[in-house]
Amino acid sequence: MSRDIFISYSRRDQEFVTRLASDLNAHVAGVWFDQSTIQAGQKWHDEIMDGIRECKAFILVLSPDAMESRWVREEVNRALELGKTIFPVIYRPARWTGEFESLVRDVQSLDLRSGSYTDNFQKLVDGLMESGAGRATGERPFLRQPAKTSLNIVFSKIPGWALAWSLGWVVFWIVVLIVLALLVANQGDFSRQDLLNFVVILISGAIGGFSGGLLAGLFTMLALRPNAPSISWKHMSPTIRIWGISGPLGMIVSGLITSFMLAVGALSIQSAKADCNGVGFGDCVGQIIGSALGQAIGMIILILLVFLLFVIVAWFLTGMLAGWQVVRHIRRLEPGITNRQGWSVSAGWGCGAIVAALVMIAVLAIFSNALGL
């Protein structure tokens, strides 16, 4: 196997390194890195040392774990002894010490936290070819030209987010309905009508989740347009788990806050007392009843408005949290995603959560009227 390029890395960064090696193999011949999980053994050690000795370029994927790894440190020292051309690639930031500090300070390093993976990869390939490590045929592939991601790629990813949201909202409502079913069954009143109601809720949740996912996906892909080629279903699928956990929590929190405000008297209606002076008995009774009804109706409207407000806030914050979790996941392959991009994605997910809830309520109302539920 050709060993023109050697990659030194920490096991914790293997997902990213595997992708990097695969991409390099597609553009530059001779990429080699150890993919085993064996940490001891003379044969394994000899193969590593042979790989370093035979390589023309040594790529060091820098991270806190790489700096603490004695295996990576040994590989770096060996490359320095042999005078190999070293390409420091900063994957995750750390406070560099020892030979790592010297490499970052004295050698032109590639910081993956700045710019998209595609742009940084192009710079790395160009550098490898300048050093003589690349053996690509024909014209130079990149020459450090900024990559432009077409809108077709951006928009093609949006349905995937919508599907993930749809499945996530189904899981979320399954969790809620299981709890409700247990409560109803405990009272011995569970019927086919209840089962039909649950099915309608699940269908409505899936439609609402898909609608919210379309909006969230649009925000996500527009905010992460430079990083769009890296985003795949494995970055979208955690949405299913996230909504399955955070959805019920959002409902519980909004309900608890409203209940607490009712309990402490934060929600109340000041109604005018009935004045029976100068009126007959019948008119006085009418005023008392009207005042009581007005107070009750006002209280109901206020509770509904406050509950709706808390539901909107709870869903928005839950959506933002879900979006931020997804951004963290995508950063494993796209470490250059900025905080500004992350907040844009989170805000889009918060809006998507509100849209999902509203669409679900509307669809549920339509189904209920159509089926007479």
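The values are calculated or read from the model by the stated rules, or taken from the named source; none is laboratory data. All figures in this text were calculated on a predicted structure; none of them were measured in a lab. Neighbour counts run over all protein chains shown; Cβ positions are idealised from the backbone, glycine included. What goes into the accessible areas is simple: the full protein's heavy atoms, side chains included, and nothing from ligands, DNA or RNA. Shrake-Rupley method; radii C 1.70, N 1.55, O 1.52, S 1.80 Å.
So M129 clears everything in (1) at pLDDT 80 or above; (2) under 26 Å from the mean Cα position of the chain (by Cα) except one condition, right? Which one?
All conditions are met except number (2).
Write out, first by first residue and then by second, each pair whose Cβ atoms fall under 9 Å of each other, whose residues are 6+ apart or on separate chains, and whose first residue, in region 151-171, is open to solvent by 20 Å² or more (accessible area, probe 1.4 Å) while the second is basic (K, R).
L151/R225; I153/R225; V171/R241
Kindly indicate whether any position in region 41-50 is under 20 Å from I337 (Cα atoms) and either among the β-branched types (V, I, T) or assigned to a helix (DSSP H, G or I) (or both).
Our first condition is that a residue be under 20 Å from I337 (Cα atoms); within region 41-50, this holds for none.
No, because not a single residue in region 41-50 is under 20 Å from I337 (Cα atoms) and either among the β-branched types (V, I, T) or assigned to a helix (DSSP H, G or I) (or both).
Enumerate the pairs (first residue in region 353-373 and in contact (Cβ under 8 Å) with a residue 12 or more places away in the chain; second residue anywhere and of a type outside the set (A, V, I, L, M, F, W, C) and open to solvent by 40 Å² or more (accessible area, probe 1.4 Å)) with beta-carbon separation below 7 Å, excluding pairs fewer than 6 apart on the same chain, so at least 6 apart or on different chains.
Note: pairs meeting the criteria are L373/N197.
Which number in (1) in contact with a helix residue (DSSP H, G or I) (Cβ under 8 Å, 6 or more places away or on another chain); (2) open to solvent by 40 Å² or more (accessible area, probe 1.4 Å) marks the one condition that R70 misses?
The number of the failed condition is (1).
Do we find that R332 is assigned to a helix (DSSP H, G or I), open to solvent by 10 Å² or more (accessible area, probe 1.4 Å) and at pLDDT below 90 in this structure?
Values: assigned to a helix (DSSP H, G or I): no; open to solvent by 10 Å² or more (accessible area, probe 1.4 Å): yes; at pLDDT below 90: yes.
No: the conditions fail for R332.
Please go through (1) among the small types (G, A, S); (2) at pLDDT below 85; (3) over 20 Å from M320 (Cα atoms) for G255 and return the number of the only condition it doesn't satisfy.
So the condition that G255 fails would be (3).
Taking the stated definitions as given, is I231 surrounded by fewer than 21 Cβ atoms within 10 Å (Cβ to Cβ) and among the β-branched types (V, I, T)? Step through it out loud before you land on a result.
Details: surrounded by fewer than 21 Cβ atoms within 10 Å (Cβ to Cβ): no; among the β-branched types (V, I, T): yes.
Here the answer is no, as I231 does not meet what is asked.
Those residues that are closer than 19 Å to Q122 by Cα and either charged (D, E, K, R) or in contact with a helix residue (DSSP H, G or I) (Cβ under 8 Å, 6 or more places away or on another chain) (or both), I need them from region 73-91; list them, please. Explain how you work it out, then say what you get.
If we filter region 73-91 for residues that are closer than 19 Å to Q122 by Cα, which is where we start, we get 85-91.
I86, F87, P88, V89, I90, Y91, listed by residue number.
For a quick check of your reading of the model, give me the residue pairs whose first member lies in region 226-247 and is in contact (Cβ under 8 Å) with a residue 12 or more places away in the chain, whose second is assigned to a loop (DSSP other than H, G, I, E, B) and open to solvent by 20 Å² or more (accessible area, probe 1.4 Å), with beta-carbon atoms closer than 7 Å and at least 6 apart or on different chains.
Going by the 7 Å Cβ cut-off, the qualifying pairs are A228/K157; I231/K157.
Could you tell me whether any residue of region 56-63 is among the basic types (K, R) and in a helix (DSSP H, G or I)?
We begin by selecting, within region 56-63, every residue among the basic types (K, R); these are 56.
When the remaining residues are screened for being in a helix (DSSP H, G or I), the result is none.
Scanning region 56-63, I find no residue that is among the basic types (K, R) and in a helix (DSSP H, G or I), so the answer is no.
Pairs under 9 Å by beta carbon, first residue without any contact (Cβ under 8 Å) to a residue 40 or more places away in the chain and part of a loop (DSSP other than H, G, I, E, B) in region 83-106, partner open to solvent by 30 Å² or more (accessible area, probe 1.4 Å) and among the acidic types (D, E), six or more apart or different chains?
P93/D111; A94/D65; A94/E68; R95/E101
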